[in-house]
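What follows draws every value from the coordinates through simple rules; no lab data is involved. Predicted model only: the values in this text are computed from it and were never measured. Note that we place each Cβ from the backbone using ideal geometry, even for glycine, and neighbour counts take in every protein chain shown.
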């Protein structure tokens, strides 16, 4: 898996960058088929906008973004959104063929 953290119009401290890398790598515990994760932090007008792109096998991509005064808070919110998307997708895939058989109507005599 490839993790890339980039910044636009500013920079992120090394400890925050390490925190981000550690947290996004934990996404593999939720979904093993992740191939790449891109985190982009943009600084605009004293706001930090964080966008997380998660590429997975079989053409499934997950995208989340958030904005806050602090980059780490925006990152945490965006990461939570990604986790929710992955959980929802995984639940949908796992329950795809597990529907209960349709009940047959009782024959009336």
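Cβ crowding within 10 Å ranks 6, 40 as 6, 40, fewest other Cβ atoms first.
If each DSSP helix of 4+ residues adds -39,500 (n - 2.57) and the sum is divided by the residues in the chain, what number results at 222 nm, nearest 500 deg cm²/dmol? Let's see the in-between values first.
Details: 3 runs with 40 residues, N = 109.
Using -39500 (n - 2.57) per qualifying helix, the result is -11500 deg cm²/dmol.
Annotation: extensible slack from residue 89 through residue 16 equals 23.4 nm (criterion: 0.36 nm per residue apart, minus Cα-Cα distance). Exposure proxy shown here: for 53, 79, the number of other Cβ atoms within 10 Å sets the order, fewest to most, as 53, 79.
Of the options (1) 41, 25, 16; (2) 39, 15, 10; (3) 19, 18, 12, only one is semi-axes √(5λ) of the Cα gyration tensor in Å as computed from these coordinates, and that is (2).
Which of 59, 23 comes first, and how do the rest follow, when ranked by fewest Cβ neighbours within 10 Å?
Starting with the residue having the fewest Cβ neighbours, the order is 59, 23.
Taking every C-alpha pair closer than 8 Å and separated by at least 6 residues, the mean separation divided by the residue count of segment 2-71 gives a relative contact order of 30 percent.
Here's the picture: a label point sits 7 Å out from the Cα of residue 63 along the beta-carbon direction, and within segment 1-20 nothing has its amide nitrogen under 14 Å of it. To test your reading of the geometry: what angle, between 0 and 90 degrees and rounded to tens, separates the Cα axis of helix 71-94 from the longest principal axis of the chain? That works out to roughly 20 degrees.
You can think of it this way: the chain between residue 9 and residue 35 has 6.6 nm of extra reach, that is 0.36 nm per residue less the Cα-Cα gap.
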